[in-house]
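S.K.: The structure is given below, and queries will be raised subsequently.
The values are calculated or read from the model by the stated rules, or taken from the named source; none is laboratory data. As the structure is a computational prediction, the values presented were derived from the model and not from experiment. Here the Cβ is made from the backbone with ideal geometry for all residues, glycine too, and neighbour counts use every protein chain on show. All accessible areas refer to the heavy atoms of the entire protein, side chains included, with ligands and DNA or RNA removed. Shrake-Rupley method; radii C 1.70, N 1.55, O 1.52, S 1.80 Å.
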Amino acid sequence: VLSSSLHRLVREFVAQNNTSQIKHVIQILSQEFALSQHPHSRKGGLIGLAACSIALGKDSGLYLKELIEPVLTCFNDADSRLRYYACEALYNIVKVARGSVLPHFNVLFDGLSKLAADPDPNVKSGSELLDRLLKDIVTESNQFDLVGFIPLLRERIYSNNQYARQFIISWILVLESVPDINLLDYLPEILDGLFQILGDNSKEIRKMCEVALGEFLKEIKKNPSSVKFAEMANILVIHCQAADDLIQLTAMCWMREFIQLAGRVMLPYSSGILTAVLPCLSYDDRKKNIKEVANVCNQSLMKLVIPEDDEMDEAKQSLTLSAEPTSEESLSKPEAASSGESLSELDITALNQPLSFPCSSERIQVTLNLDGIVQVLDCHLHDTSIGMMTRIAVLKWLYHLYIKTPRKMFRHTDSLFPILLRTLSDESDEVILKDLEVLAEIASSPAGQTEGHGPSDSSDARPGPVELHIPARASQLSSSGTKSLECSPSTPTMNSYFYKFMINLLKRFSSERKLLETRGAFIIRQLCLLLNAENIFHSMADILLREEDLKFASTMVHTLNTILLTSSELFQLRNQLKDLKTPESRNLFCCLYRSWCHNPVTTVSLCFLTQNYKHAYDLIQKFGDLEVTVDFLTEVDKLVQLIECPIFTYLRLQLLDVKNNPYLIKALYGLLMLLPQSSAFQLLSHRLQCVPNPELMQTADSTKPSAGYKRTATPNIDYTELLQHFEKVQNKHLEARHQRAGRAEQLDRRVVL
């Protein structure tokens, strides 16, 4: 009855256009009833305000502030029935006013977001009806104030209440669906909150959030030119490191699309992206999807680094480049990764459509933050807990950066060099191979010859000049007159880091004998492929000549000699040494010989390789003055085995020409006399028994020089001086053995005492 009477009264005031009386009625209903201390009065006030709104009809828009505020106040009432009546009253007010309520949308949204989490099911049901009505009004209107709403949305999106989160996501989905509302412009404001909601415990809410993010990603692909990629990059970096698999996978999928769509716009964020992506590359099959998407991100990001980033003056390095990626990048199809149903469907859809980036007139200043990238890569190499695939990816990045930006990278070489050397002790052969590629590039890049980029460790400086042989094919100049930077990984002109690398590699072998035993040959053989084998052997021999640890020097020489005689990678170098036809080959022989003197048997094998048979015989004659140990006899045994290998086929054939190779036969008999009655003795003895009688081998043309003829000495080599050097080195070894024996004896005495 009261409602009906109030309705008639208000209608009369409307007909009379008596606004003051209308406001007076609303004020009484608000102050004396709706905001009363008595529950029944509050209930009556709410019913009266709703009736008043219905009576006002289309004119209710003039009094919405006065009508809405007291009702919203009742949303906080302790009595659930009153909260329900408030919800019902507001529903009637909004239903009558329709689009006129939009200027008051924020306060309505704020009130509804609280009711969405109301514990009373009736209140929640009533709020849902009001929510649907408000969504219909927003959808059909073109006057929605998105700018004013975003701050409230940004605040409410961080709610931890499940119902409030569901309410927020439902509104985001509605706003996304309205053509006149461009929510994409404000995505940076709410993206972090969306990823937070994606980790909700409720499957339904996660699903809703996944759908919302999927819709945003579709919009981004359709309109990349209007997307604020840079403002969202760090948000994605954070969530790419999330512990929740769905959050991490979704963020990684977004990152993949951002890198491919935005191109070099993402470069300033490379260090953060790598921090997030690199650990994912070592995930096992349980996180296979994340690993695959992370791998695409890593590869795509690597392609963004170009030679133009290597400008010497960093102040002038900002490149004015279009935001669009290259056609190759924009058309590349990333691998599919799925986690949830909707995300999986979204990715499959995306893979079936070529990525495109409309031409944009906007020009973006992009600078490669190389210092940050190197710092991240360095940290990952130092982290012993990271997986093998991550370590390989880090080394690939370093190699790529040395290829694309060598001059800038050489500023970091002194800090990277120690960890790169330590990585040679890695358990994985694949990691060591990649590490060697990086070290080889450092040692051979022309950028390493630039003044000021040389090694900072003065203790590693070479005491004298080094003449490293540069192969003709590698020293050819390009048409512009400068060496091409594109002939990596081994631009063979060795720079200032090459000798430093050789010194430190030998130091590492000396300090880690296990590394030398298990991986030494493997490392040196790979370096011979990546760099110039002659330079490697020449420099190592030169360094070992000054080695104070004579035992290590002998072991290292034995290792190098085995590699030289047996490795297929050294075929060309063996042929070069076999004939000693050029000054370079003779110089190399003399250099190797002086270091090979640390090991008597290897010195003889070098003479056999170079066909210096007379000198080999002279050396074996000196063996009588040496201390013959078990190790010594073992090495002689191994040399006999080597003589029977294909490498020394030419030597065995020369035994047929007894007349012109007497010192070869004498040298072999000398080895036979050194050996005890062992299997090696029997092997060599049988070989020498096959040497033919010189008289039986005479032919009609025996007066002519034999094709197998070998000079007993090579011109320009002072064999007397080499023999004296051998004796000098062996005397040093003898003194060192006596000193070691003396120290061992003193130690035994102390133990007895």
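S.K.: Do you know which of the residues in region 240-274 that are outside any helix (DSSP H, G or I) and touching a helix residue (DSSP H, G or I) at 6+ places or on another chain (Cβ under 7 Å) is most open to solvent (accessible area, probe 1.4 Å)?
M.R.: If we take residues in region 240-274 being outside any helix (DSSP H, G or I) and touching a helix residue (DSSP H, G or I) at 6+ places or on another chain (Cβ under 7 Å), then Gln241 is most open to solvent (accessible area, probe 1.4 Å).
S.K.: Can you confirm whether region 152-162 contains a residue that is crowded, with 17+ Cβ neighbours inside 10 Å, out of contact with any Ser or Thr (no Cβ under 9 Å at 6 or more places or on another chain) and within 22 Å of Lys228 (Cβ to Cβ)?
M.R.: yes
S.K.: How many of the residues making up region 566-604 are among the hydroxyl-bearing types (Ser, Thr, Tyr) and either more than 45 Å from the chain's Cα centre (by Cα) or under 18 Å from Leu545 (Cα atoms) (or both)?
M.R.: Going through region 566-604 one residue at a time, the tally reaches 5.
S.K.: Pick out the one residue from Glu569, Glu547 that is part of a loop (DSSP other than H, G, I, E, B), open to solvent by 20 Å² or more (accessible area, probe 1.4 Å) and in contact with a Leu (Cβ under 8 Å, 6 or more places away or on another chain).
M.R.: Just a single option satisfies the conditions, and that option is Glu547.
S.K.: Follow-up. Take the residues in region 518-533 that are in a helix (DSSP H, G or I), touching a residue at least 40 places away in the same chain (Cβ under 8 Å) and not hydrophobic (A, V, I, L, M, F, W, C); name whichever of them is nearest to Leu573 (Cα to Cα).
M.R.: It comes out as Arg525.
S.K.: Quick check on region 126-162: of everything there that is closer than 23 Å to Leu187 by Cβ, hydroxyl-bearing (Ser, Thr, Tyr) and assigned by the TED database to the domain that holds Leu102, which residue is modelled with the lowest pLDDT?
M.R.: Across region 126-162, the extreme among qualifying residues is Ser141.
S.K.: Consider Phe498 against the criteria (1) crowded, with 20+ Cβ neighbours inside 10 Å; (2) under 18 Å from Thr610 (Cα atoms): it satisfies all of them except one. Which criterion is unmet?
M.R.: For Phe498, the exception is condition (2).
S.K.: Can you pull out every residue in region 47-84 that is open to solvent by 20 Å² or more (accessible area, probe 1.4 Å) and in contact with an Asp or Glu (Cβ under 9 Å, 6 or more places away or on another chain)?
M.R.: Residues satisfying the conditions are Ile47, Leu72, Ser80, Arg81, Arg83, Tyr84.
S.K.: Oh, and also: Please go through region 25-71 and give me each residue that is among the acidic types (Asp, Glu) and in contact (Cβ under 8 Å) with a residue 24 or more places away in the chain, ordered by number.
M.R.: Of everything in region 25-71, those that are among the acidic types (Asp, Glu) and in contact (Cβ under 8 Å) with a residue 24 or more places away in the chain turn out to be Asp59, Glu66, Glu69.
S.K.: Looking at (1) more than 30 Å from Val123 (Cα to Cα); (2) acidic (Asp, Glu); (3) assigned to a helix (DSSP H, G or I), which is the one condition that is false for Glu204?
M.R.: Unmet for Glu204, out of (1) more than 30 Å from Val123 (Cα to Cα); (2) acidic (Asp, Glu); (3) assigned to a helix (DSSP H, G or I): (1).
S.K.: Are there helices (runs of 4 or more DSSP H) fully within region 635-753 with at least 2 residues that are modelled with pLDDT under 90? List them.
M.R.: 719-752
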